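Written below as structure tokens is the structure these notes are about.
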Amino acid sequence: FSAGHALPNIITLSFIDVFKGSRHLALAVLLLIICHSRHMKSVGKVAVVPALFGISEPMKFGIPMILNPVLFIPMTLTPVVNVAMAYFATYFNLIPRMTGIRIPWNFLIVSGFLAGDWRTAVLQVLQFIVDLAMYYPFVKFLDKQMQKRELDGIAEVESK
């Protein structure tokens, strides 16, 4: 790259770092916006700022996400879809190849500008929208389960 030659590989560590990260923010935003249960909404409030930087621990332990059969599918598929979108966008020269510079925090849009250019940032926004769409039905289902648990808990307390 520094010699002015084309980079030989599309997938590098910086490529993975830049393009796998919007899924945490998408989940946090959905928890904050579409959820009606108190628990899910409070997890969204706590998780949205760390999710801007790709930190998902408030959601992993607050929802919980670990060993959650409902969130297993989107948790597994969103990074695969994100990396595939970025790979094909790079392959067809819609975005520039990553230079190999490691961005310490995967801050949506900013990391796209730093690692590539404006097209990379636009792709990150598109990935964020796709991640929202992929998580939406699963979060909606989980929210209904949590609402039912909350209502059952209230009814149980009132009956005693």
Can you compute the FRET efficiency between Leu7 and Glu57 using 1/(1 + (r/R0)^6), with r the Cβ-Cβ distance and R0 = 30 Å? Round to the nearest 0.05. 0.35
Just the accessible area per residue of the chain, please: how many Å² with a 1.4 Å probe? 57 Å²
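Show me the ranking of peptides 63-73, 81-91 by mean Cβ neighbours inside 10 Å, starting with the highest. Walk me through the numbers on the way to the answer.
Working: 63-73: 13.7, 81-91: 17.5.
Answer by packing, highest mean first, reads 81-91, 63-73.
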Ignoring ligands, DNA and RNA, please state the percent of accessible area on segment 13-159 from carbon and sulfur, probe 1.4 Å. 72 percent
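The values are calculated or read from the model by the stated rules, or taken from the named source; none is laboratory data. These figures come from a predicted structure and were not determined experimentally. Virtual Cβ from ideal backbone geometry, glycine too; neighbours counted across all protein chains shown. These accessible areas exclude ligands, DNA and RNA; they are computed on the full protein's heavy atoms, side chains included. Shrake-Rupley method; radii C 1.70, N 1.55, O 1.52, S 1.80 Å.
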